[in-house]
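The values are calculated or read from the model by the stated rules, or taken from the named source; none is laboratory data. The structure presented is a predicted model; accordingly, all values stated were derived computationally and were not measured. Backbone-built Cβ (ideal geometry, glycine too); neighbour counts: all protein chains shown.
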Amino acid sequence: MFPLKLLAVGAWFALLAMGERMAPAAKRPQGSDGGRLTRNLGLWAANTAMNPFITVPIAAAAAALPLWTRPDMAGWAAFALDLLLLDLWTYCWHRANHEWRPLWRFHRVHHLDEFLDTTSAVRFHPGEVLISALARTPLIVAGDVSLGSILLFDTLVLIGTLFHHSNLRLPARFERALRLVIVTPSHHWVHHHAVRADTNSNYGTLLTLWDRLFGSWSKTQRLPDMRIGVEGEEDAPLPTLAAAPFKARPHQIQDQG
């Protein structure tokens, strides 16, 4: 299954990257690609190396220890319920990464990227990936979520995040219709806008439903000249990013009162 997944995701990545070049939504900053690619793909390589030995075993162990057994359901219904539960949890966890300072230390690394494209989708600090895998285990155990559902969901998340981080220009009417259901590039672009009110919005990963339900949907419209990143901060070299969560307290996205 792993080689097939790798092949499918690789083909999707290549297709989106080609689309970004042919129909970009925003102009790519000149001279920015070399350093960005080193940072983004360097973090991706670290997480990819860690995944088979840490992330997947954590999910497998949690799925093998359910607190209860759900009533029998048709296969498709069980998958649908699991995917909804996992997507809701991911929304809540993403929001927590913005609103709780210790988590923001790690998630900030993702947001410091100053341009969005497909490589931004894989730019996460390994610490965030590990903490996220551990934090998800109570849901898996309490919800009797199957390992098959977890692996399918994680694949969909990778496909979805590659899509909604892409710098792909879609027909406006088509994207508006698509955004009624799933997270699109324009929807997520606003989340990466270097303005706190926008950064603290549009937390959805697959479905936009949760942003509508929980009042985090932003009315801000995507504009080509929006500054991407963290308000008041700049991106940094890869070694600095790796050490950043463990250094002096970073700027906080949202006042905690």
query = For Asp211, are the conditions met, namely being touching a helix residue (DSSP H, G or I) at 6+ places or on another chain (Cβ under 9 Å) and among the charged types (D, E, K, R)?
reply = yes
When (1) over 16 Å from the mean Cα position of the chain (by Cα); (2) outside any loop (DSSP other than H, G, I, E, B); (3) among the aromatic types (Phe, Trp, Tyr) are applied to Trp210, the one that fails is (1)
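Conditions tested, residue by residue: (1) polar (S, T, N, Q); (2) buried (at least 20 other Cβ atoms within 10 Å of the Cβ); (3) on the phi < 0 side of the Ramachandran plot.
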site: Trp76; (1), (2), (3): no, no, yes
site: Leu81; (1), (2), (3): no, no, yes
site: Leu86; (1), (2), (3): no, yes, yes
site: Thr90; (1), (2), (3): yes, yes, yes
site: Asn97; (1), (2), (3): yes, yes, yes
site: Arg105; (1), (2), (3): no, yes, yes
site: His110; (1), (2), (3): no, yes, yes
site: Ala121; (1), (2), (3): no, yes, yes
Do we find a residue being part of a helix (DSSP H, G or I), among the charged types (D, E, K, R) and within 23 Å of Glu99 (Cα to Cα) anywhere in the stretch 188-206? yes
Reported set for the stretch 215-241 where residues are modelled with pLDDT of 95 or more and farther than 22 Å from Leu43 by Cα is Gly215, Ser216, Trp217, Ser218
In this structure, is Ile131 touching a residue at least 60 places away in the same chain (Cβ under 8 Å) and outside any loop (DSSP other than H, G, I, E, B)? no
In the set Pro29, Pro71, the lone residue that is loosely packed, with under 15 Cβ neighbours inside 10 Å, under 19 Å from Ser120 (Cα atoms) and either touching a Leu at 6+ places or on another chain (Cβ under 9 Å) or not charged (D, E, K, R) (or both) is Pro29
Checking Ala46, Ala64 in turn, the sole residue that is farther than 30 Å from Asp225 by Cβ and either without any contact (Cβ under 8 Å) to a residue 40 or more places away in the chain or touching a helix residue (DSSP H, G or I) at 6+ places or on another chain (Cβ under 6 Å) (or both) turns out to be Ala46
Selection over the stretch 102-141 where residues are more than 21 Å from Ile54 (Cα to Cα) and hydrophobic (A, V, I, L, M, F, W, C) yields a count of 4
Open item on the list: On the basis of being under 20 Å from the mean Cα position of the chain (by Cα) and either surrounded by fewer than 15 Cβ atoms within 10 Å (Cβ to Cβ) or at pLDDT below 90 (or both), does Ala46 make the cut?
Closed with: no
Scanning the stretch 155-195 residue by residue, those under 18 Å from the mean Cα position of the chain (by Cα) and charged (D, E, K, R) turn out to be Arg179
Out of (1) within 26 Å of Leu88 (Cα to Cα); (2) modelled with pLDDT under 95; (3) surrounded by 15 or more Cβ atoms within 10 Å (Cβ to Cβ), the one Asp255 does not meet is (3)
Do we find a residue being touching a Leu at 6+ places or on another chain (Cβ under 7 Å), touching a residue at least 12 places away in the same chain (Cβ under 8 Å) and farther than 20 Å from Ser166 by Cα anywhere in the stretch 190-209? no
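Just to be sure I understand, how many residues within the stretch 59-92 are in a helix (DSSP H, G or I), closer than 15 Å to Ala142 by Cα and of a type in the set (Ser, Thr, Tyr)? Working first, answer last.
Within the stretch 59-92, the subset in a helix (DSSP H, G or I) is 59-63, 75-92.
Of the ones still in play, those that are also closer than 15 Å to Ala142 by Cα are 59-63, 78, 81-86, 88-89.
Those left that are additionally of a type in the set (Ser, Thr, Tyr): none.
Matching residues across the stretch 59-92 total 0.
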Scanning the stretch 204-235 residue by residue, those under 16 Å from Thr90 (Cα atoms) and of a type in the set (Ser, Thr, Tyr) turn out to be Thr205, Thr208, Ser216
